[in-house]
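Inspection log for the structure reproduced underneath, given as structure tokens.
The values are calculated or read from the model by the stated rules, or taken from the named source; none is laboratory data. Just so it is clear, the structure is predicted and the values come from calculations on it, not from any experiment. Every residue, glycine as well, gets a Cβ built from its backbone with ideal geometry; the counts of neighbours run over all protein chains shown.
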Amino acid sequence: MNRRLAALALLALIAAVILVGAGAWYLLNTPPPSSGPPELITIGTGPVELAGLIYIAEDRGFFLHNGLTVTILEYDSALAAVAGMEKGEADLSASTEYPIVGDVLGAKSISIIGCIDKYQTTYLVGMNDRGIRTTSDLAGKRIGVHHESIGEFYLGRFLGLNGIRLDDVTLVDLSPAQLEGALADGTIDAAIIWNLDRQTIQQRFGSTTAIWPAQGDQPTFGVLAGRNDWIDGHGTAIGKALRAIGEAEEYAVGHPAEARAILQRRLNTTNAHMAAAWSDHRFAVSLDQSLVVATNDEGRWMIANNMTNATAIPDFRGYISTEGLEQVKPEAVRIVG
């Protein structure tokens, strides 16, 4: 009996040590709610999935918990959000990396502070009844694409890899919402589309289309960027924002259905749309070498195709500010040099 009591006492002691240790780890790794008035920052974004972690952090109160009051400014597109940030309407913008590359080549003083999403959702669709069955058939055709978007870069690179120059096709500048109608009425023969549009187009046109993945192995990056003068003076706020977005990442991993529902409500979309979109995205906070590789590729392409007055690409690592993420998630910073 005494041995049994001694064993139980030992187990209780071990459990107590484990609980104390777990509690200490939690206190070390979870900052307490900030004291004093919260800092105010504004984030601009378009109504797009890449802003998912921002919406989740706002909905779950992670920004406020970390001492921030965040205002999210909604723009018609992520490109417009970047322009708003540069004009001082917002402190940070959420967009793809592509407009940031263009602005760096245009000598804008801006930097990326974090990647919050990666995805591969871009496709090239061609109409069989316009003579498009193989990639070589694209030469001489009218292709719809939103001018100066990352879709134009993917199109140009896809064509180049298949031996076709941009000059060999006619580009028709259309918004994503116009592409399906333009394919139907014959305004264009092919188009750069996204995965969700691909599903709609396949339902409408059936087997009369040829569809190819347009991105290759290169993901699109959802990034947070800001003006360098604002970044230099707001290191603490940046750390708080990235910590809150990191908490949103953890929430999305642990509660995917609830996180998806938050994004669906914010984008005001359907269950079917969000179910398809959610699986296309990898929501995580990071800064890694693949982002540098992508910005270099896009910068060279812009110069080669006269999309900029720049004649040489800069070292894009100088336009990626790692200090904020190193404060809160150092293991997520994996940039060489």
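What residue, among those in segment 141-155 that are over 21 Å from the mean Cα position of the chain (by Cα) and buried (at least 18 other Cβ atoms within 10 Å of the Cβ), is farthest from Asn306 (Cα to Cα)?
Lys141
Sort out for me the strands (runs of 3 or more DSSP E) sitting completely within segment 106-216 that have 1 or more residues that are closer than 30 Å to Glu331 by Cα, among the acidic types (Asp, Glu) and modelled with pLDDT of 95 or more. Lay out the reasoning, then the answer.
Numbers: elements: 110-119, 122-127, 142-145, 170-173, 190-194, 209-213.
In segment 106-216, 110-119 are the strands (runs of 3 or more DSSP E) which contain 1 or more residues that are closer than 30 Å to Glu331 by Cα, among the acidic types (Asp, Glu) and modelled with pLDDT of 95 or more.
Here are some residues: Ala190, Ala177. Which one is of a type in the set (A, V, I, L, M), in the same structural domain as Gly160 (by TED's automatic domain parsing) and surrounded by fewer than 20 Cβ atoms within 10 Å (Cβ to Cβ)? Quick ask: steps written out before the conclusion?
Details: Ala190 fails: surrounded by fewer than 20 Cβ atoms within 10 Å (Cβ to Cβ).
The conditions single out Ala177.
Within the group Gly88, Gly160, Gly126, Gly151, which residue is touching a Phe, Trp or Tyr at 6+ places or on another chain (Cβ under 9 Å), in the same structural domain as Met307 (by TED's automatic domain parsing) and more than 21 Å from Gly318 (Cα to Cα)? Spell out how you get there, then give the answer.
Values: Gly160 fails: in the same structural domain as Met307 (by TED's automatic domain parsing); Gly126 fails: in the same structural domain as Met307 (by TED's automatic domain parsing); Gly151 fails: in the same structural domain as Met307 (by TED's automatic domain parsing).
Answer to the selection: Gly88.
For segment 294-303, indicate whether the set of residues that are surrounded by fewer than 17 Cβ atoms within 10 Å (Cβ to Cβ), farther than 23 Å from Ile231 by Cα and of a type in the set (Val, Ile, Thr) is non-empty.
yes
Is it true that some residue in segment 271-284 is outside the structural domain of Arg198 (by TED's automatic domain parsing), outside any loop (DSSP other than H, G, I, E, B) and in contact with a Ser or Thr (Cβ under 7 Å, 6 or more places away or on another chain)?
The initial filter retains those residues of segment 271-284 that are outside the structural domain of Arg198 (by TED's automatic domain parsing), namely 271-284.
Then keep just the ones that are outside any loop (DSSP other than H, G, I, E, B); that gives 271-278, 281-282.
Those still in the list that are in contact with a Ser or Thr (Cβ under 7 Å, 6 or more places away or on another chain) too: none.
No, that holds for no residue.
Being touching a helix residue (DSSP H, G or I) at 6+ places or on another chain (Cβ under 9 Å) and within 22 Å of Thr134 (Cβ to Cβ) is the filter here; which residues of segment 162-183 pass it?
Asn162, Gly163, Ile164, Arg165, Leu166, Asp168, Val169, Leu171, Val172, Leu179, Leu183
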